[in-house]
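Before any comments, here is the structure.
Just so you know, all these numbers are worked out from the coordinates, no wet-lab data involved. On a predicted model such as this, the values are computed, not experimentally measured, just so you know. Using ideal geometry, Cβ is built from the backbone for each residue, glycine included, and neighbour counts are taken over all protein chains shown.
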Amino acid sequence: MASIPGALPFAFDLDPASTALIVIDMQRDFIEPGGFGASLGNDVTRLQAIIPTVAALLLAARQAGLPVIHTRECHRPDLSDLPPAKRDRGTPTLRIGDPGPMGRVLIAGEPGADIVPELAPLPGEIVLDKPGKGAFYATPLSDHLAQFGTKALIFAGVTTEVCVQTTMREANDRGFVCLLAEDATESYFPAFKAAAVEMIRAQGGIVGWTATTAEIAAALTGGTA
Ligand code: TIU
């Protein structure tokens, strides 16, 4: 058992044998110009900046032998898993399923739905396509975690207050101990990220813990942060 003494709201006990890493939606559609995130009017450069930190967390998790799960928010080409209430939301320049510079927006198999090449999954890692913001809804995530014997999850990815927080809350309710790598997640809105991080660890860790990637990597690989 390793410990992260600097984790918030208090020290986090990390057992690599029962912990998995989940990297949420590090897809071109959220991170590169011309995708879904940009179509909603967002500046995607904030999200690009965390790629090296997520890569460092992935490296440490792989070295420690943790199961690694990657998620992609995307829909079937026939849009059968896209509720009209999701497609018709707001006034984006491109709607989900429309053709854009990286293929059809947020559609499985299109270039925009791919994970950015720097964070490409390795053979044997789980890649889950999810139609919702949370990674448990309409996916086999629970089955994979049961197979791994996972009790704790480390979270990274985008965006902090949407898909990451939703998945963390889903996991917390399912009995998983949740740790957010606070510098390996990002939002288009700095204030939303700050608020999400605060509310996750408020009230004695009502949703979970937060720690830096360096702290988590040190605990995983036996070094110091
Ligand atoms: N992955 C994820 O967070 N999906 C979003 O739509 N996020 C936004 O912040 N829009």
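Data overview
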{"quantity": "Unmet requirement for A120, which otherwise passes all of (1) within 16 Å of the ligand (Cβ to nearest atom); (2) surrounded by fewer than 19 Cβ atoms within 10 Å (Cβ to Cβ); (3) among the hydrophobic types (A, V, I, L, M, F, W, C); (4) without any contact (Cβ under 8 Å) to a residue 40 or more places away in the chain", "calculated": "(1)"}
{"quantity": "The range 26-51, subset closer than 23 Å to E215 by Cβ and within 10 Å of the ligand (Cβ to nearest atom), residue nearest to the chain's Cα centre (by Cα)", "calculated": "M26"}
{"quantity": "Test for R76: is it of a type in the set (D, E, K, R), crowded, with 20+ Cβ neighbours inside 10 Å and more than 12 Å from the ligand (Cβ to nearest atom)", "calculated": "no"}
{"quantity": "Single condition L66 does not satisfy, out of (1) crowded, with 16+ Cβ neighbours inside 10 Å; (2) within 11 Å of the ligand (Cβ to nearest atom); (3) over 18 Å from T139 (Cβ atoms)", "calculated": "(2)"}
{"quantity": "Options G65, G97, G90; residue that is outside any helix (DSSP H, G or I), of a type in the set (G, A, S), out of contact with any helix residue (DSSP H, G or I) (no Cβ under 8 Å at 6 or more places or on another chain) and touching a residue at least 12 places away in the same chain (Cβ under 8 Å)", "calculated": "G90"}
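Per-residue answers, yes or no, for (1) assigned to a loop (DSSP other than H, G, I, E, B); (2) crowded, with 18+ Cβ neighbours inside 10 Å; (3) more than 14 Å from the ligand (Cβ to nearest atom); (4) among the aliphatic types (A, V, I, L, M):
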position: V54; (1), (2), (3), (4): no, yes, no, yes
position: L59; (1), (2), (3), (4): no, no, yes, yes
position: H70; (1), (2), (3), (4): no, yes, no, no
position: D81; (1), (2), (3), (4): yes, no, yes, no
